[in-house]
Amino acid sequence: MDKIVFITGASSGIGAGCARKFASQGASLILNARNVDKLNGLKEELEKQYGVKVYLLPFDVRDRKAAMVALESLPEEWQAIDILVNNAGLVIGMDKEQEGSLDEWDIVIDTNIKALLAMTRLIVPGMVERKRGHIINIGSIAGDAAYPGGSVYCATKAAVKALSDGLRIDLVDTPLRVTNIKPGLVETNFSVIRFRGDKEKADNVYKGIRPLTGDDIAETVYFAASVPEYMQIAEMLVMPTYQATGTIVSRK
Ligand SMILES: NC(=O)C1=CN([C@@H]2O[C@H](COP(=O)(O)OP(=O)(O)OC[C@H]3O[C@@H](n4cnc5c(N)ncnc54)[C@H](OP(=O)(O)O)[C@@H]3O)[C@@H](O)[C@H]2O)C=CC1
Ligand SMILES: CC(=O)[C@H](N)C(=O)O
């Protein structure tokens with residue numbers, strides 16, 4: 001794949017899986033996250049294993065100015081981004097809406113919605129100009145229906161669906177494509193962060209079921225990116241076989 005792929009949140013889980021998959025197919029990668037050590041390790045791994053070019057662009061996606069400066073700093077040969085994977089995201093806590101922390105919800109909303117929107121706003125105009133581009137947003141099954149203690153996270157992922165659908169409408173007279181990938185249970189660092197570092201609670205989320213991995217979701221992201229140009233995968237809901245909805249899971 002002779003394309004430049006920009007992935008936010010590439011230091012872990014689904015984002016790192018996407019980096020590995022696109023690298024295995026020969027793409028050039030711009031990788032973002034805050035953890036520079038992890039990004040450096042991934043760059044070294046991908047360059048060694050696949051002989052691809054990797055450019056690191058570490059910044060906090062919530063920092064609009066840092067995002068703008070980072071993108072403006074891209075060397076000429078890295079500027080024509082073909083695929084934007086808006087993946088960086090998180091939730092903190094599983095509190096009832098009437099009891100949770102407004103400060104933590106600010107972090108969640110700023111990362112999952114406002115940063116995704118800012119990255120889109122910064123990168124998509126260039127794609128329109130070049131008449132080439134694909135925006136792949138990582139939404140969630142959580143955006144389809146609220147679940148107990150998940151209202152704010154679910155609302156952010158419902159927003160990702162609305163932003164993806166709206167962008168697709170706004171780009172309908174261009175060759176650009178917009179995809180919303182909606183994973184179910186995927187074992188990554190997500191639950192460790194949700195439960196504020198409590199590994200036991202995080203492990204319980206995946207108990208009795210074989211969850212998906214970041215690599216599984218990366219396969220679907222790559223599939224959406226590699227169908228012929230006249231095809232647009234608008235949305236994909238991808239979950240483990242023993243999961244039926246955001247909350248109905250059969251555990252053995
Ligand atoms: N795991 C799951 O079950 C599911 C996850 N998702 C979604 O998938 C996406 C990826 O999550 P997942 O891989 O599971 O979780 P991880 O916690 O493993 O990875 C999250 C990534 O986002 C990055 N990130 C978080 N905040 C910021 C920030 N402010 N600026 C830049 N990067 C940031 C982290 O890097 P760093 O800390 O280095 O900045 C990390 O690379 C999220 O949008 C999540 O909502 C959707 C459905 C299911
Ligand atoms: C992390 C996710 O989005 C997952 N589908 C969940 O809400 O548990």
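The values are calculated or read from the model by the stated rules, or taken from the named source; none is laboratory data. These numbers were taken from a predicted model, which means no experiment stands behind them. Every residue, glycine among them, receives a Cβ derived from its backbone with ideal geometry; neighbour counts consider all protein chains shown. Ligands, DNA and RNA are stripped out before the accessible areas are found, and what is left, the full protein with its side chains, is counted by its heavy atoms. Shrake-Rupley method; radii C 1.70, N 1.55, O 1.52, S 1.80 Å.
Could you tell me whether the range 219-227 includes any residue that is near ligand 1 (Cβ under 10 Å from one of its atoms) and modelled with pLDDT of 95 or more? Give the derivation first.
In the first step, residues of the range 219-227 are kept if they are near ligand 1 (Cβ under 10 Å from one of its atoms); the result is none.
No: zero hits.
Given (1) within 16 Å of ligand 1 (Cβ to nearest atom); (2) within 19 Å of the chain's Cα centre (by Cα); (3) surrounded by 15 or more Cβ atoms within 10 Å (Cβ to Cβ), identify the lone condition not met by residue 162.
Evaluating residue 162 over (1) within 16 Å of ligand 1 (Cβ to nearest atom); (2) within 19 Å of the chain's Cα centre (by Cα); (3) surrounded by 15 or more Cβ atoms within 10 Å (Cβ to Cβ) leaves (3) as the failure.
Is the range 35-45 home to any residue that is more than 9 Å from ligand 1 (Cβ to nearest atom) and within 16 Å of the chain's Cα centre (by Cα)?
There is no residue in the range 35-45 that is more than 9 Å from ligand 1 (Cβ to nearest atom) and within 16 Å of the chain's Cα centre (by Cα).
Among 252, 199, which is the only one that is open to solvent by 70 Å² or more (accessible area, probe 1.4 Å) and within 14 Å of ligand 1 (Cβ to nearest atom)?
Numbers: 252 fails: within 14 Å of ligand 1 (Cβ to nearest atom).
Going through 252, 199 in turn, the sole match is 199.
Among the residues of the range 113-159, write down those that are of a type in the set (S, T, N, Q), assigned to a helix (DSSP H, G or I) and surrounded by 23 or more Cβ atoms within 10 Å (Cβ to Cβ). Let's see the steps before the verdict.
Going through the range 113-159, the residues of a type in the set (S, T, N, Q) turn out to be 120, 137, 140, 151, 156.
If we keep only those that are assigned to a helix (DSSP H, G or I) too, we end up with 120, 151, 156.
Across the range 113-159, the qualifying residue is only 156.
Could you check the range 176-196 and list, in sequence order, the residues that are closer than 19 Å to residue 96 by Cα and more than 11 Å from ligand 2 (Cβ to nearest atom)?
192, 195, 196
Please name all residue pairs, on different chains or six or more residues apart, with Cβ atoms under 8 Å, provided the first residue is in the range 169-190 and is under 15 Å from residue 139 (Cβ atoms) and part of a helix (DSSP H, G or I) and the second residue is open to solvent by less than 40 Å² (accessible area, probe 1.4 Å) and hydrophobic (A, V, I, L, M, F, W, C).
Pairs found: 190/90; 190/91.
I'd like to know if the range 48-69 contains one or more residues that are away from ligand 2 (no atom under 16 Å from the Cβ) and touching a residue at least 60 places away in the same chain (Cβ under 8 Å).
Applying the first criterion (away from ligand 2 (no atom under 16 Å from the Cβ)) to the range 48-69 yields 48-69.
Subsequent filtering for residues that are touching a residue at least 60 places away in the same chain (Cβ under 8 Å) retains none.
Checked the range 48-69: no residue is away from ligand 2 (no atom under 16 Å from the Cβ) and touching a residue at least 60 places away in the same chain (Cβ under 8 Å).
Within the set of pairs 6+ apart or on separate chains, which have a first residue in the range 21-32 that is over 11 Å from residue 46 (Cα atoms) and at pLDDT 95 or above, a second that is part of a strand (DSSP E or B) and β-branched (Val, Ile, Thr), and C-beta atoms under 7 Å apart?
30/4; 31/7; 31/54; 32/7
Residue by residue, here is whether (1) open to solvent by 70 Å² or more (accessible area, probe 1.4 Å); (2) within 18 Å of the chain's Cα centre (by Cα); (3) small (Gly, Ala, Ser) holds:
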{"position": "185", "(1), (2), (3)": "no, yes, no"}
{"position": "191", "(1), (2), (3)": "no, yes, yes"}
{"position": "206", "(1), (2), (3)": "no, no, no"}
{"position": "212", "(1), (2), (3)": "no, yes, no"}
{"position": "237", "(1), (2), (3)": "yes, yes, no"}
